[in-house]
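Contents: one structure, followed by commentary.
The values are calculated or read from the model by the stated rules, or taken from the named source; none is laboratory data. The model shown is predicted, which means the values in this text are computed figures rather than measured ones. Quick reminder, even Gly has a Cβ in these numbers, built from the backbone with ideal geometry, and neighbours come from all protein chains shown.
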Amino acid sequence: MSQDGSAVQGRTTGRRVSEALAALGVIASLLFVGLQLRQANALARLQQQQAFADAWQNVNLTLATEPLLLSLLAKIHDGGVHEDFPPEDAVSIDMAYRGLMHGWEQYYLQLQLGVLDEDAISFPRADSPMWNSDYLRGRWPTVRAEFQEEFAEFWESRYELR
């Protein structure tokens, strides 16, 4: 083989080594980006779960430490309906229900869109005396139109509101 042939073969080998190293670099970069995405997704899920827990901790603490709401909820748990309450108490109850239900609606819609992970939230138990109550069943026809149809149907089936 001539000296020119050795030089060409050397350049070809060098180029192949360079291309292989470049390909390995691209693969390593893609693996690194994939690992970072996985970690970012895991962190986002944990943040969702923590935000959910924090929000409901605040709601529960408010309900548990507010004497008026406690007494109203106790009457609802005992089967109280809208007509059993003075107008100002009925308004308070209705506002509390609406606020909580709009929160649940947002969680539901985000879950349907895949924004929230299914493990991040859990809806109140179907036998919950607050949600599966005569009070809410009686008020549901009045407030149903405030919610998106898909959520309203979900809520109705879950809490026997029809």
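Can you find a residue in the stretch 61-84 that is within 26 Å of the chain's Cα centre (by Cα) and in contact (Cβ under 8 Å) with a residue 60 or more places away in the chain?
no
Could you give every pair whose Cβ atoms fall below 6 Å, whose first residue belongs to the stretch 126-139 and is closer than 14 Å to A90 by Cα, and whose second residue is modelled with pLDDT of 90 or more and loosely packed, with under 15 Cβ neighbours inside 10 Å, counting only separations of at least 6 or pairs across chains?
Close Cβ pairs satisfying both conditions: D134/G79.
For the stretch 127-162, enumerate the residues that are in a loop (DSSP other than H, G, I, E, B) and either closer than 19 Å to H77 by Cβ or under 20 Å from the mean Cα position of the chain (by Cα) (or both).
D127, S128, P129, M130, W131, N132, S133, F147, Q148, E160, L161
Residues are listed down the side, and each one gets a yes or a no for (1) hydrophobic (A, V, I, L, M, F, W, C); (2) assigned by TED's automatic domain parsing to the domain that holds M130; (3) surrounded by 12 or more Cβ atoms within 10 Å (Cβ to Cβ); (4) part of a helix (DSSP H, G or I):
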residue: S71; (1), (2), (3), (4): no, yes, no, yes
residue: E83; (1), (2), (3), (4): no, yes, no, yes
residue: E88; (1), (2), (3), (4): no, yes, no, yes
residue: S92; (1), (2), (3), (4): no, yes, yes, yes
residue: M95; (1), (2), (3), (4): yes, yes, no, yes
residue: R98; (1), (2), (3), (4): no, yes, yes, yes
residue: M101; (1), (2), (3), (4): yes, yes, yes, yes
residue: Y107; (1), (2), (3), (4): no, yes, yes, yes
residue: Q112; (1), (2), (3), (4): no, yes, yes, yes
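Is there a residue being of a type outside the set (V, I, T), in contact with a helix residue (DSSP H, G or I) (Cβ under 9 Å, 6 or more places away or on another chain) and surrounded by 10 or more Cβ atoms within 10 Å (Cβ to Cβ) anywhere in the stretch 22-45?
Taking every residue of the stretch 22-45 in turn, at least one turns out to be of a type outside the set (V, I, T), in contact with a helix residue (DSSP H, G or I) (Cβ under 9 Å, 6 or more places away or on another chain) and surrounded by 10 or more Cβ atoms within 10 Å (Cβ to Cβ).
D54: closer than 30 Å to Q110 by Cβ and at pLDDT below 90, yes or no?
Here the answer is yes, as D54 does meet what is asked.
When you go through (1) out of contact with any Leu (no Cβ under 7 Å at 6 or more places or on another chain); (2) in a helix (DSSP H, G or I); (3) at pLDDT below 90 one by one for P124, which number turns out not to apply?
(2)
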